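Undergrad: Handing you a structure now.
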Amino acid sequence: MRFDVRYRTDFSYDSPVSESQNELRACPTTNETQRLLDYRVTVQPTARVFSSIDAWGTRVDAFGIRRPHESMTVVAEAAVETRPSPMPTAAPRTETLRREDFIDAHVEYLQRDRHTDAGERVTALAREQVSLVGPDVVGAVLAIHRHVGSTLRYVPGSTEVGVSVDDVLAGGEGVCQDYAHLAVAMCRAVGIPARYVSGYLFTDRDDVGAPSESDSVVVQTHAWFEAAIPGWGWLGLDPTNGQAAGEYHVKIGHGRSYDDVQPLRGVYLGPGASVVSPEVEIRRVQPADLWRGASQVPSAPVGSVPADLPLGVRRHSAGHPSGSSIRQQQLQQQQSGPSGSGW
């Protein structure tokens, strides 16, 4: 399957901004089930883009604008080819999870962070799902995947970025990132390494996941999870719609949780607030055009974003949970504090 993806985010400020520094994570990765054919980033006002690969293997496009501006537009365009993902053919037993070499290779995906810090109820539910299927790692992961999908109700606007998995479970509703975080937390609670995935899904409804009948859809970025299967690799599952991640999923990158793969974040120098409008358009390319215009992505210079934040600096971000009300709540929460405040 071939897709052309256009990610666009518009920023407008209520007073001139003298400087901004930004990091973009919107480039589809190349792996066993997808291949990046072309990618480019444009910024208005014009800025030089420095590209690098972060600790999790995701491309980061960093850019800064140092002259005064009242708006900013970021556009990332990609062409990517996908194919169906295989399912595990082996059934490793749960004792393989305790092998020292396996733990050492996946230690960062076994640790908790602020998005996956599971309490007693989440841990108990995870153990219950494992007990139902016996000592089978694949069966345990699939049981957790099904339980998360059947327990939560997809309700755009019902949560905010940063809500704990315990609160998500207690509330019984959320959006794609909540499903992914809960599944990751449950896997880690029983010793199964799991990671959060950011990407795109070619569908009209994230909670259904059926491929769109149209050749073009407008969406928000999507989230799912991957679990490590000993002796096999990473199994991608989408609990929001009860599917395995397949050829209609376009992966950007993965990390411990949302914070590691947030699509766009940055800081700006100025007293005013900002309004952010992100949008993703995905176009399915017909078979006759699969290789037309395809090219290899050129290597890019490596750069960095200044780490120190002077007084007066404010943060902005374009998150990716589905549901515009959640995105706006997140942005307002991050931008309404005093100058120099953080997340």
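Undergrad: Would you grab the residues whose amide H sits under 5 Å from the one on ILE252? Only those 5+ places off in sequence or on another chain, please, with H modelled 1.01 Å from N.
TA: THR29, SER198, GLY199, TYR200
Undergrad: Based on the mean of other Cβ atoms within 10 Å per residue, sort peptides 157-166, 179-188 so the most packed one is first.
TA: Answer by packing, highest mean first, reads 179-188, 157-166.
Undergrad: Another question about this same structure. With θ set to phi - 60° and the Karplus curve 6.51 cos²θ - 1.76 cosθ + 1.60, what are the ³J(HN,Hα) couplings of the stretch 239-255 in order, to the nearest whole Hz, using x for Gly and Pro?
TA: Taking θ as phi minus 60°, the curve returns x, 4, 10, x, 10, 7, 5, x, 6, 8, 9, 10, 8, 8, x, 9, x Hz for the stretch 239-255.
Undergrad: Let me ask something additional. I'm a student and want to see the number: the projected area of the Cα convex hull of the stretch 212-277, averaged over all directions, in nm².
TA: Numbers: hull surface 28.4 nm².
The Cα convex hull of the stretch 212-277, projected and averaged over all directions, gives 7.1 nm².
Undergrad: Could you give each residue of the stretch 213-220 its phi-based ³J(HN,Hα) in whole Hz, using Karplus coefficients 6.51, -1.76, 1.60 with θ = phi - 60°, and x for Gly or Pro?
TA: 6, 7, 8, 8, 9, 10, 9, 10
Undergrad: In whole Hz and in residue order, list the ³J(HN,Hα) couplings for the stretch 13-28 that follow from phi through the Karplus curve 6.51 cos²θ - 1.76 cosθ + 1.60, θ = phi - 60°; x for Gly and Pro.
TA: 10, 7, 8, x, 9, 8, 6, 9, 10, 9, 10, 10, 10, 9, 7, x
Undergrad: Mind checking the stretch 26-83 for trypsin sites (Lys or Arg not before Pro) that DSSP puts in a loop (not H, G, I, E or B) and that have at most 13 other Cβ atoms within 10 Å? Mind dumping the intermediate values first?
TA: On the way: sites: ARG35, ARG40, ARG48, ARG59, ARG66; in loops: ARG48, ARG66.
Here the sparse-neighbourhood loop sites are ARG48, ARG66.
Undergrad: Report the residues of the stretch 1-30 in range of a label on SER277: point 7 Å along Cα→C-beta, backbone N strictly under 13 Å from it.
TA: 8-13
Coordinate-derived values only; no laboratory data. Remember, it's a predicted structure, so these values are computed and weren't measured experimentally. Neighbour counts run over all protein chains shown; Cβ positions are idealised from the backbone, glycine included.
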